Amino acid sequence: MGAVRRLKEKGDYAGAEALCQRMLADKEKTLSPEHPDTLEIVDNLAHLLEKKGDYAGAEALYRRALAGREKELGPEHRDTLGSVNGLAILLSCSGRLPEAVQLLREKAALSPKALEAVRYNLARYECLSGNLDEAKRLIAEELAANPEKKEKALQDDDLKAIRDFIQTL
């Protein structure tokens with residue numbers, strides 16, 4: 001993936017996408033479409049398409065990666081939860097905030113480990129949705145567990161409605 005990263009850093013998204021597609025085809029043949037290494041490429045390609053503005057293509061790939069990772073790795077695996085966050089971010093960026101919130105709520109309800117993995121993004125999207133009490137509760141938990149994220153939270157425009165509250169934490 002280093003070559004893909006270098007192409008992206010140069011702004012050559014078309015080249016990065018073509019290389020990623022070739023890598024994906026190779027992994028699907030040599031391993032399987034559901035192998036964790038294949039799904040890593042699927043997730044990376046989804047992120048690349050999102051950066052290019054191809055939200056429909058990215059969403060299909062994020063959903064494929066998420067479904068495959070849930071099946072192969074389990075719903076609480078860090079890679080699976082990474083796919084959850086990736087899909088939620090995409091949904092939010094494409095104007096589908098209620099869907100992003102619902103996805104994160106569902107995954108957060110699985111376990112404390114799942115909640116920990118999605119809590120920051122869920123706090124952001126609850127704030128954007130106007131659910132300020134819930135956003136405050138979640139960000140307070142997040143910053144208690146990860147105090148180093150306070151500066152990030154204070155700069156996060158998605159959390160601006162509760163910035164004064166964050167300052168008190």
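The values are calculated or read from the model by the stated rules, or taken from the named source; none is laboratory data. This is a predicted model, so every value here is computed, not measured. Virtual Cβ from ideal backbone geometry, glycine too; neighbours counted across all protein chains shown. For accessibility, only protein heavy atoms count, side chains too; no ligands or nucleic acids. Shrake-Rupley method; radii C 1.70, N 1.55, O 1.52, S 1.80 Å.
For the stretch 76-152, I need the span (max minus min coordinate) of the C-alpha atoms along each principal axis, in Å, sorted largest to smallest.
30, 29, 21
Once the whole set of protein chains is in place, how much accessible area is left on R105, using a 1.4 Å probe, in Å² to the nearest 10?
Per-residue accessible area (R105): approximately 100 Å².
What does the accessible area per residue of the chain come to in Å², with a 1.4 Å probe and no ligands, DNA or RNA counted?
With the other protein chains kept in place, the chain gives 52 Å² per residue.
Say we join alpha carbon atoms closer than 10 Å with springs in a Gaussian network model of the chain; which of K149, K27, K113 then has the biggest fluctuation?
K149
Report the Stokes-Einstein translational diffusion coefficient (µm² s⁻¹, integer) for the chain, Rh taken as the Kirkwood radius over Cα pairs, at 37 °C with viscosity 0.692 mPa s.
Result for D is 194 µm²/s.
Could you give the dipole magnitude of the chain about its Cα centre, charging the beta-carbon of Lys and Arg +1 and that of Asp and Glu -1, in debye to the nearest 20?
220
GNM, the chain, Cα, under 10 Å: largest mean-square fluctuation among E151, E70, E40?
Top of the fluctuation ranking is E151.
Just grab the label-to-label distance for A161 and R105, each label 7 Å out from Cα along the Cβ direction, in nm (one decimal).
For the pair A161/R105, the computed spacing is 1.4 nm.
If you roll a 1.4 Å probe over the stretch 1-159 with all protein chains in place, what percent of the accessible area is carbon or sulfur?
C and S atoms contribute 50 percent here.
Lys/Arg Cβ at +1, Asp/Glu Cβ at -1, dipole of the chain taken about the Cα centre: which of G82, L61, L7 is farthest positive-ward?
L7
Looking at this model, which pairs from K113/K136; K27/K152; K27/K149; K51/K152; K10/K150; K10/K136 are more than 30 angstrom apart at the alpha-carbon?
Table pairs above 30 Å Cα-Cα are K27/K152; K27/K149; K10/K150; K10/K136.
For the chain, what is the calculated [θ] at 222 nm in deg cm²/dmol (nearest 500), taking -39500 (n - 2.57) for each run of four or more DSSP H residues and dividing by its residue count?
Taken over the chain, the calculation gives -25000 deg cm²/dmol.
Dipole magnitude of the stretch 53-112 about its Cα centre, charges +1 at Lys/Arg Cβ and -1 at Asp/Glu Cβ only, in debye to the nearest 20?
That gives the stretch 53-112 a dipole magnitude of about 40 debye.
Which of these, Y62, Y125, Y13, has the largest mean-square fluctuation under a Gaussian network model of the chain (Cα springs below 10 Å)?
Y13
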